[in-house]
Amino acid sequence: MNIEFFKTKKFMLHFFFAVAILQLGLPAAMIVRYEDVIRNGTQYKFRTAPVDPYDAFRGRYVALSMREDSVRSDGESFNPCETVYVVVITGDDGFAKFTSAHRTPPVGKGDYIKMKTRWGSDSGETRLEIPFDRFYMNEHLAPEAEKAYFKASRQDNDNTFVAVRVKNGHAVIENLYLDGTPVLEILQPTGK
Amino acid sequence: MGIDRKGLKWLYGELPGLVAEGVLGEDAAGRIRKHYGDVPKTDTSKIALLIFGILGALLIGGGIILILAHNWDALGKFERTVLAFLPLMAALGAGAYSVLKDKGTAWKEGVGAFTMLASGSSIAIIGQTYHVGGDLESFLFTWMLISFPLIYLFNSTTVAMMFMAGIASRACALSWDGPHIADFWLMSLLVFPHIFFSVRTSRCSARSALLLWTLSICYTICLGLSFESATHNLRVLAYFGFFALSCLAGKVWLDGPATIWLRPLSFIGPVGVIVMATLSTYEWIWQDYYRRYRLLDGADHARLLLAIAILVVIYIPLVWLIVQALRKRRYQALIFGGSAVVAALLSCLLANLTSKSMLPMLIFNFYLVFVGVSLIAIGVRSSRLGRLNMGMAVLSLLIFLRFFDSGLDILFRGLTFIIMGSCFMVANVLMVRRKAALKRAEGGQTV
């Protein structure tokens, strides 16, 4: 087969279709995976503390900093940036807790989330890079959400959290709640 | 054929004179014209169309990304999904048209760039819809991976350059996360066939130059990121090897009758070697070296493996190119390339054996003197003012820098500057006179 074959219209058309399938298939696969997690995953509530930076590629979002961001890893030490599978449960207070971290997907231990480690410490506590750390909003609403959060936190309210669906190691945010109410509902009167 | 438009124009301009002077017969001149064919025309309107096509596509694509970044809360998931796919479908439609109709370069470059931006925006908007956290680096990774086939589908240099910039940005974002930088080197291989075919078609074309400039800049940045403090010493060797490789590849493979901007390797290589050699005359480079070298204490395995792999990939072709340069007598490339590597290897060895920075610093001071004097000698011998001045510039730089970090008397420094400046002027005047005399002698011979 000589190189001229690769320049023929027949080959280029086949090549084009392969590229088109790849270009359309990847976003489609992303949607299918996230929809599956949202519809069939188990819901967990993670306590948060939002701030608001700017990401040129993806518009404005509320940056979420989880209160639960480490796991005890007795007997096992992890390197920074290592991929781990962290088992998640709902604690007595109704909010999510990480119980253990593993190098391979844990079987029979309930739900787990795939994430990376930040760093470990001598006390056996491993800090985690939480994969759901943004809540995207309209660029006018994101700063409003931040203000609303501070107002809620000033009132000594501990009921600010994100609802996250978890399935097969994947986690997708369902909604952000300020004082137990979805953020968009709070912002509707002051929003658009 | 190895002759470019400029060279051919010059040759055809000379032919009538050569025929008139009886150097060539009319039929021989005809045969030369027939052999080389017409001077290829540069169609300025075509180039303008190409530039505006690419710019237009980038602006439209950028505008779409900004509009999507607005994050339309009012829209439901379904509408947002449609919004994510719409620009991509339009881009693919234009792509199908350009493949079916086999459109020209301007069209393909524009469509390629637009498709790449559209696919990036579709991933971004889906991420936004599902609040997928994650970082710029994982977004760039996915985007670049699905975009690279566009380089070949549209034979698009714009996409190739955007791809290289994308993977280099990802490597910068990941610089603290060592082993993943290996991905950059592997992904950069994906552009190589495009660069190879472009260079094979024309060594000194604007397309090849743009690709090689982008590749060299990305490699220069990512080379530094691939090493950590524990492998710092290997980083010095890698940089010297990389710039030496550029010098030699530029001279042995990609030399041609074109301006330096069209021969990026011949520019980046020597400049890089001089910068590295100048840095190596400072103590801090070598202090770090012997302090941390001891059997690479603390270097993690993945980083060390990556460092060694990079060195092997640089040094094997480098040795081969040195042999080629020796055979082809490319002495200037060997001064910059070959001798720099020898100096670097020797310095690393000495720094490691003696744990002192004095010897390596001395070696590189001598190396710069050697480069300066050699360039002056080449300049004088071949009557090339550019080489002569380059040699003088290297020597002046060395003297200038040594003056700032040595405890010499101000009067002495001043005098040396005056002497150096005078040498510069005298050498230039002598060279200009010599050239004029040569020209007169040639004129006398022909009369």
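The values are calculated or read from the model by the stated rules, or taken from the named source; none is laboratory data. Predicted model, so just to flag it, every value in this text is computed and none were measured. All Cβ positions, even for glycine, are placed from backbone atoms using ideal geometry, and neighbour counts span all protein chains on display. For the accessible areas, the whole protein counts, side chains as well, though only heavy atoms, and no ligand, DNA or RNA atoms are used. Shrake-Rupley method; radii C 1.70, N 1.55, O 1.52, S 1.80 Å.
In whole Hz and in residue order, list the ³J(HN,Hα) couplings for region B:137-146 that follow from phi through the Karplus curve 6.51 cos²θ - 1.76 cosθ + 1.60, θ = phi - 60°; x for Gly and Pro.
Couplings: 5, 6, 5, 4, 4, 4, 4, 5, 5, 7 Hz.
To the nearest 20 debye, what is the magnitude of the charge dipole of region B:81-224 about its Cα centre, counting +1 on the Cβ of each Lys and Arg and -1 on the Cβ of each Asp and Glu? Walk me through the numbers on the way to the answer.
Working: 7 positive and 6 negative charges, 120 e Å.
Roughly 580 debye for region B:81-224.
Using the charge dipole of the protein assembly as shown (Lys, Arg: +1 at Cβ; Asp, Glu: -1 at Cβ; taken about the Cα centre), state which of B:F227, B:L15, B:S347 has its Cα farthest towards the positive end.
B:L15
Rounded to the nearest 0.05, what FRET efficiency is calculated for A:E125 and A:K147 with R0 set to 35 Å and r the Cβ-Cβ distance? Present the calculation step by step, with values, prior to reporting the outcome.
Details: r = 33 Å, r/R0 = 0.94.
The pair A:E125/A:K147 has a calculated efficiency of 0.60.
Restricting attention to the alpha-carbon atoms of region B:327-447, what are Rg (one decimal) and Dmax (integer), both in Å?
18.5, 67
Using only alpha carbon pairs under 8 Å that are at least six residues apart, calculate the relative contact order of region B:89-207 and give it in whole percent.
23
For region B:1-41, take the convex hull of the Cα atoms, compute a quarter of its surface area, and give me that in nm², please.
Across all orientations, region B:1-41 yields a mean hull projection of 2.8 nm².
How far apart, in nm, are the 7 Å Cα→Cβ label points at A:T90 and A:K9?
6.2
Evaluate the charge dipole of region B:1-41 about its Cα centre and quote only its size in Debye, nearest 20, assuming +1 on the Cβ of each Lys and Arg and -1 on the Cβ of each Asp and Glu.
The calculation lands at about 260 debye.
Using a Debye calculation, one point per C-alpha and no hydration shell, please list log10 I(q)/I(0) for chain B at q = 0.08, 0.11 Å⁻¹ in order.
For chain B at q = 0.08, 0.11 Å⁻¹, log10 I(q)/I(0) is -0.65, -1.06.
May I ask you to work out the translational diffusion coefficient for the protein assembly as shown at 4 °C, viscosity 1.567 mPa s, via Stokes-Einstein with Rh from the Kirkwood sum over Cα pairs, reported in whole µm²/s?
44
With a cap of 11 neighbouring Cβ atoms within 10 Å, and only residues DSSP puts in a loop, list the chymotrypsin sites (Phe, Trp or Tyr not before Pro) found in region B:123-182.
B:W176
About the Cα centre, and with charges only on the beta carbon of Lys, Arg (+1) and Asp, Glu (-1), how big is the dipole of the protein assembly as shown? Nearest 20 debye, please.
3020
Would you work out which of A:V32, B:L211, B:F148 lies farthest towards the positive end of the dipole of the protein assembly as shown? Charges go on Cβ: Lys and Arg +1, Asp and Glu -1.
B:L211
Which of B:A118, B:G53, A:V88 sits closest to the plus end of the dipole of the protein assembly as shown, meaning its Cα is farthest towards the positive end, when Lys and Arg get +1 and Asp and Glu get -1 on the C-beta?
Value computed over the given set: B:G53.
At a temperature of 20 °C and a viscosity of 1.002 mPa s, determine how fast region B:138-228 diffuses translationally according to Stokes-Einstein, using the Kirkwood radius over alpha-carbon pairs as Rh; express D in µm²/s, rounded to the nearest whole number.
The diffusion coefficient I find is 161 µm²/s.
Quick check for you: with a 1.4 Å probe and neighbouring chains kept, what is the accessible area per residue of region B:1-41, in Å²?
77
Take every Cα-Cα distance within region B:202-281, group them into 10 Å bins from 0 onward, and report for each bin the whole-number percent of pairs it holds.
Taking every Cα pair in region B:202-281, the percentages come to 19, 48, 25, 8, 0.
For region B:182-254 and region B:305-339, write down the distance between their C-alpha centroids in whole Å.
Answer, in whole Å: 13.
What percent do you get for the relative contact order of chain B when only Cα pairs under 8 Å and 6+ apart count? Show your work: numbers first, answer last.
Working: 479 pairs, mean separation 46.5, N = 447.
In percent, rounded to a whole number, it is 10.
For B:K103, which lysines qualify as cross-link partners when the Cα separation must be under 18 Å and same-chain residues fewer than eight apart are set aside?
A:K7, A:K9, A:K10, B:K46
For B:L385 and B:K435, compute 0.36 nm times the residue count separating them, minus their Cα-Cα distance, and round to one decimal in nm. Could you put the intermediate results ahead of the total?
Working: separation 50, 0.36 × 50 = 18.00 nm, distance 0.94 nm.
Contour length minus Cα-Cα distance gives 17.1 nm.
Using a 10 Å cut-off on Cβ to Cβ distances, tally the other chain neighbours for every residue of A:130-140 and report the average as a whole number. Display every interim value, and only then the final one.
Numbers: counts 1, 5, 5, 5, 7, 2, 11, 4, 5, 3, 3.
Mean shielding count: 5.
Straight-line reach from B:K328: which lysines fall under 16 Å, measuring Cα to Cα and dropping same-chain residues less than 8 apart?
B:K251
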